[in-house]
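The values are calculated or read from the model by the stated rules, or taken from the named source; none is laboratory data. Being a predicted model, the structure only gives us computed values, none of them experimental. A quick note on method: Cβ atoms are made from the backbone with ideal geometry, for glycine too, and the neighbour counts reach across all protein chains shown.
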Amino acid sequence: MQFPFQPMPLSRGPGPFNHPAWLFELKYDGFRALARIKRGQCELISRNGHPFSSFAELGKSIAVALPHLHEAVLDGEIVCLDRKGRPQFNDLLFKRSQPCFFAFDVLYADGKDFRGDALIERKVELRRFLHRASTDSQLRYADHVEGSGMFATLARAKRATLSATHSRKGRSLPYRRL
């Protein structure tokens, strides 16, 4: 059976903006991936649908952090952080430090397809699932700012030397399929 999930494609906007219906997230400098959890195992899958076999240990760590989920698909980014918590793409690329997975969306969990739900509802469910993970887990929640948060998110990104930000419609947009 073909894997029926793909990351939502990103598109470039005309510039920074604020809007009450949108959520603003940091864009970590890493590899976009889907975490496919099934029966106590987790496989990380690239946006092109290929397994990230070089991150098998990270997948095991994600599965251990979420023993209560029997089957799930999370959207996120594989990232390496320095001692100050800033993403370091070269460390990820050359495997110089331990990666972590920043989850920013839940697409499916234990029989429920969340892709038709509003983003803010999916993020609430994601936070609920990840709340049970230990604080030293390699699985992290990618937080967001609602409404007029673009400029605050950009300032946070600049302080953390991040590459960009994401803006996603929070209240009405379902997860777009390719």
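Taking the range 38-63 as the range and being more than 23 Å from Gly111 (Cα to Cα) and buried (at least 19 other Cβ atoms within 10 Å of the Cβ) as the test, the residues that pass are Phe55, Leu58.
For every residue, the table says whether it meets (1) surrounded by 16 or more Cβ atoms within 10 Å (Cβ to Cβ); (2) over 25 Å from Glu43 (Cα atoms); (3) in contact with a Cys (Cβ under 6 Å, 6 or more places away or on another chain); (4) modelled with pLDDT of 80 or more.
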site	(1), (2), (3), (4)
Gln138	yes, no, yes, yes
Val145	yes, yes, no, no
Lys158	no, yes, no, no
Arg177	no, no, no, no
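Residues in the range 83-98 that are without any contact (Cβ under 8 Å) to a residue 60 or more places away in the chain and under 23 Å from His144 (Cβ atoms): Lys84, Gln88.
Which ones in the range 85-120 are assigned to a helix (DSSP H, G or I) and under 15 Å from the mean Cα position of the chain (by Cα)? Leu119, Ile120 - these are the residues of the range 85-120 that are assigned to a helix (DSSP H, G or I) and under 15 Å from the mean Cα position of the chain (by Cα).
The conditions of being part of a helix (DSSP H, G or I), crowded, with 21+ Cβ neighbours inside 10 Å, modelled with pLDDT under 95 and not aromatic (Phe, Trp, Tyr) are met by Lys123.
The set of residues in the range 62-83 that are touching a strand residue (DSSP E or B) at 6+ places or on another chain (Cβ under 7 Å) and farther than 21 Å from Arg122 by Cβ comprises Cys80, Leu81.
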